[in-house]
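The values are calculated or read from the model by the stated rules, or taken from the named source; none is laboratory data. Please read all numbers here as calculations on a predicted model, not as lab measurements. All Cβ positions, even for glycine, are placed from backbone atoms using ideal geometry, and neighbour counts span all protein chains on display.
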Amino acid sequence: MKINGIELRRIAMPLVAPFRTSFGTETARDVLLVRVVTGEAEGWGECVAMDLPLYSSEYADGAADVLRRFLIPALPQDDVDAYAVERALEPFKGHRMAKAALQTAVLDAQLRESGQPLARYLGASRGRVPCGVSVGIMDSIPELLDAVAGYLAEGYVRIKLKIEPGRDVAPVRAVRERFGDDLLLQVDANAAYTLADAPHLAKLDAFDLLLIEQPLADDDMVQHAELARRLRTPVCLDESIESAAHAAAAITLGAASIVNIKPGRVGGYLEAKRIHDLCRAHGVAVWCGGMLETGIGRAANVALAALPGFTLPGDTSASRRYFAEDVTEPFVLDDGHLTVPTGPGIGTEPDQDRLRAFTTASEWISI
């Protein structure tokens, strides 16, 4: 496959409601899209970097810069596929979200040329995936309970509560008491705690949670291993896992019994598949995380979540969870599930009118 050119497009997507985590509040998504054009097809990739370097060191402006200056110029001239992209980008340190967007766009174009769906290419075993929803930190417990009730009424099969020091045990207790022991419930700290908080975090053991996600710093697996020994609640790693090698280290250390796989965080769907295969071989459950993706990123995530090792509901929520209007045909919840796209590549493409309406900047790079 030969690439003719690549477009870097920025779009502004307002959220239906503010989304608060332990590291900040988002009211809109500044999204960087990558469009790869070949002689036979075009492919799309979504960069999940935020506009500020809060979740990780990456941010949207930086991702656009490294793509423009280093990653795109490094692509081979001919015989390009996703693996060739991975090899060409390997010498550049970090920037996994930018790499993932470029690799995904190439993979999408590659699969569209061959008429193969991404789900089949990755080895999916299901046509539908169960969906959980991530609930941001609320100003009050009544507000939180109303939000959870609304999501359960929509059909979500699992609730994830964002937590931070001072807003953890009480909201979890309130949700468990209101909605009962049968509710699949987990929490996400986004690295807001330290090992000194272990006695406090142990209070969450009383609520029979599926897991506690990324309680400690992303660069400290040793202390996560120690925390895991002190809690009954399973520890899940998110920000700490940037590669299959990191996943192997976490498993070896006992730092996690569950892994959240976000393709953007680990450099793309090829590495995400490797992490899935590694965890499955070691009996470690995985689930697909989310980064408030548009329909472009969501389509690819749903395909990944259909692999057999994804035994826990992911954050592959319906489009309306975050956006009043998506750039693709919306993903709609059906009995708590999303349907895996069956079209070539990621199985969806942007609606051009909507895309133009949300676009704030566009740049064409000839190859």
*Consider A49 against the criteria (1) in a strand (DSSP E or B); (2) modelled with pLDDT of 95 or more: it satisfies all of them except one. Which criterion is unmet?*
(1)
_Every residue in the stretch 1-29 that is among the small types (G, A, S) and either assigned to a strand (DSSP E or B) or at positive phi (or both), please._
G5, A12, A17, G24, A28
*asked:* Looking for something among the acidic types (D, E) and in contact with a helix residue (DSSP H, G or I) (Cβ under 6 Å, 6 or more places away or on another chain) - is there at least one such residue anywhere in the stretch 309-319?
replied: no
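Quick grid of which residues meet (1) surrounded by 20 or more Cβ atoms within 10 Å (Cβ to Cβ); (2) touching a helix residue (DSSP H, G or I) at 6+ places or on another chain (Cβ under 6 Å); (3) of a type in the set (S, T, N, Q):
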| site | (1), (2), (3) |
| --- | --- |
| S134 | yes, no, yes |
| M138 | no, yes, no |
| R158 | yes, no, no |
| R167 | no, no, no |
| P199 | no, no, no |
| L216 | yes, yes, no |
| Q223 | no, yes, yes |
_So A105, is it assigned to a loop (DSSP other than H, G, I, E, B), at pLDDT 95 or above and in contact with a Phe, Trp or Tyr (Cβ under 9 Å, 6 or more places away or on another chain)_ = no
*asked:* From the list Q116, Q110, Q77, exactly one residue is crowded, with 23+ Cβ neighbours inside 10 Å and among the polar types (S, T, N, Q). Which is it?
replied: Q110
*Answer yes or no: is there a residue in the stretch 35-44 that is of a type in the set (A, V, I, L, M, F, W, C), surrounded by 23 or more Cβ atoms within 10 Å (Cβ to Cβ) and touching an Asp or Glu at 6+ places or on another chain (Cβ under 7 Å).*
yes
*Would you mind stating whether L32 is farther than 22 Å from G345 by Cα, outside any helix (DSSP H, G or I) and in contact (Cβ under 8 Å) with a residue 12 or more places away in the chain?*
no
*Run down L32, L15, L8, L54 and say which single residue is crowded, with 20+ Cβ neighbours inside 10 Å, among the hydrophobic types (A, V, I, L, M, F, W, C) and within 17 Å of the chain's Cα centre (by Cα).*
L32
*Inside the stretch 201-214, can you point out the residues that are touching a helix residue (DSSP H, G or I) at 6+ places or on another chain (Cβ under 7 Å) and either among the β-branched types (V, I, T) or in a loop (DSSP other than H, G, I, E, B) (or both)?*
I212
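Looking at the stretch 248-367, what strands (runs of 3 or more DSSP E) fall wholly within it and have at least 2 residues that are in the same structural domain as T27 (by TED's automatic domain parsing) and more than 27 Å from P234 (Cβ to Cβ)?
Correct list: 359-366.
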*Go through V85, V106, V80 for me and flag whichever is of a type in the set (V, I, T) and more than 19 Å from V266 (Cα to Cα).*
V80
_Can you tell me which condition D182 does not meet? The list is (1) over 23 Å from the mean Cα position of the chain (by Cα); (2) surrounded by 14 or more Cβ atoms within 10 Å (Cβ to Cβ); (3) modelled with pLDDT of 95 or more, and all the others hold._
(2)
*Selected residue (criterion: nearest to the chain's Cα centre (by Cα)) from residues of the stretch 80-102 that are assigned to a helix (DSSP H, G or I) and loosely packed, with under 14 Cβ neighbours inside 10 Å*: Y83
_I'd like to verify a number: residues in the stretch 264-284 that are under 13 Å from the mean Cα position of the chain (by Cα) and more than 20 Å from L211 (Cβ to Cβ), how many?_
4
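More than 25 Å from the chain's Cα centre (by Cα), surrounded by fewer than 17 Cβ atoms within 10 Å (Cβ to Cβ) and polar (S, T, N, Q): is that true of S125 in this structure?
The answer is no for S125.
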